[in-house]
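Structure first, commentary second.
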Amino acid sequence: MKISGFTIIRNAVINDYPIVEAIQSILPVVDEMIVSIGDSEDDTEALIQSIHSPKIKIAHSVWDPALRKGGVVLAAETNKAFQQISPDADWAFYIQGDEVLPEQYYQTIKDAAAKYKDDKKVDGLLFNYLHFYGTYNYIGDSRKWYNYEVRIIRNDKTISSFKDAQGFRRNGEKLAVKPVDACIYHYGWVKSPAQMKKKLQHTGRFWNDDTEDWKAFVQTDDMFDFTEYDSISRFTREHPLVMKERIARHNWNIELDANKKNFSLKNKLLYWFEKKTGIRLFSFTNYKII
């Protein structure tokens with residue numbers, strides 16, 4: 001059985017992406033790691049080369065600014081990277097530049113990949129998600145944060161990245177997947193207020209038109225306000241080992257209140273039901289569980 005990893009990255013230094021940690025976190029699971037580097041304005045390539053793994057294969061790409069609306073350029077670049085993986089790979093493990101796989105799930109993932117390798121009804125494996133917010137001590141726990149997504153797909157080029165590269169489809173149809181008892185940690189919203197604003201100014205153009213509101217936002221020098229959330233909770237477990245050094249460098253402090261809830265009545269009831277039962281009602285899913 002062969003598993004290929006793949007990811008895309010651009011301006012990792014400017015935007016302070018934990019791309020090194022993301023790649024390192026799946027290297028023990030994959031046999032090769034395709035890293036597609038976009039046309040960056042910083043030392044992204046040197047950062048990737050600093051990992052010093054023979055599994056890593058660097059590809060280069062130029063991102064199309066005409067595809068910026070709705071983040072579709074991310075899907076286009078993900079598809080380019082997917083095309084680069086070895087033809088003899090059975091599975092492709094996609095990791096985004098701000099996602100990390102904890103080490104305790106390595107064997108679980110390998111076992112699941114082996115179990116379903118020859119079951120062609122299974123298009124991919126579905127992972128749980130935790131989304132960190134503000135600091136490494138808090139996670140977003142409301143319905144606005146997706147709680148599952150597909151990150152391992154069969155090496156079948158009829159499968160392609162969907163919309164802004166959150167998930168995958170085959171010819172526009174949802175993939176048939178099996179859940180795996182493993183969790184991806186998403187750190188995209190853990191930055192200092194100044195760095196978070198800087199990141200949004202750099203990356204937001206891939207989701208926004210040149211509206212007056214957007215122009216006004218990118219031109220301001222204020223910092224991102226992390227207090228505007230609907231619900232968060234305390235993270236009480238351990239972070240992945242590959243994140244330890246980055247967490248030790250953390251040099252900002254944000255006081256957030258996990259007791260604060262900012263819901264409409266409808267969302268308050270849905271939140272209460274999910275916490276009581278573990279079931280998220282009326283939620284959009286990007287896959288079909290079999």
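Residues in region 83-123 that are of a type in the set (Lys, Arg) and either surrounded by 22 or more Cβ atoms within 10 Å (Cβ to Cβ) or outside any helix (DSSP H, G or I) (or both): Lys117, Lys120, Lys121.
With respect to Ser40, is the statement that it is of a type in the set (S, T, N, Q) and surrounded by 24 or more Cβ atoms within 10 Å (Cβ to Cβ) true? No: the conditions fail for Ser40. Within region 124-144, the set of residues being touching a Leu at 6+ places or on another chain (Cβ under 6 Å), closer than 21 Å to Asn253 by Cβ and not in a loop (DSSP other than H, G, I, E, B) comprises Tyr138, Ile139. Number of residues in region 218-270 that are free of Cβ contacts under 8 Å to residues at least 24 places away in the same chain, hydrophobic (A, V, I, L, M, F, W, C), surrounded by 11 or more Cβ atoms within 10 Å (Cβ to Cβ) and more than 21 Å from Arg280 (Cβ to Cβ) equals 1. Selection of region 17-49 for residues being under 17 Å from Thr78 (Cβ atoms) and charged (D, E, K, R) yields Glu32, Asp39.
Pairing residues of region 279-290 that are part of a loop (DSSP other than H, G, I, E, B) with residues that are basic (Lys, Arg) and surrounded by 11 or more Cβ atoms within 10 Å (Cβ to Cβ), at Cβ distances under 7 Å and at least 6 apart in sequence or on separate chains, gives Arg280/Arg143; Ser283/Arg143; Asn286/Lys174; Ile290/Lys178. Of all residues in region 140-168, those that are under 20 Å from Ile8 (Cα atoms), of a type in the set (D, E, K, R), buried (at least 18 other Cβ atoms within 10 Å of the Cβ) and under 17 Å from the mean Cα position of the chain (by Cα) total 2.
In region 52-70, the residues that are over 21 Å from Gly5 (Cβ atoms) and surrounded by 14 or more Cβ atoms within 10 Å (Cβ to Cβ) never reach a residue that is of a type in the set (S, T, N, Q) and at pLDDT 95 or above with C-beta atoms less than 7 angstrom apart, at least six apart or across chains.
The values are calculated or read from the model by the stated rules, or taken from the named source; none is laboratory data. No experiment lies behind these values; they were computed from the predicted model shown. Please note: Cβ atoms are built from the backbone with ideal geometry, for glycine as well, and neighbour counts cover all protein chains shown.
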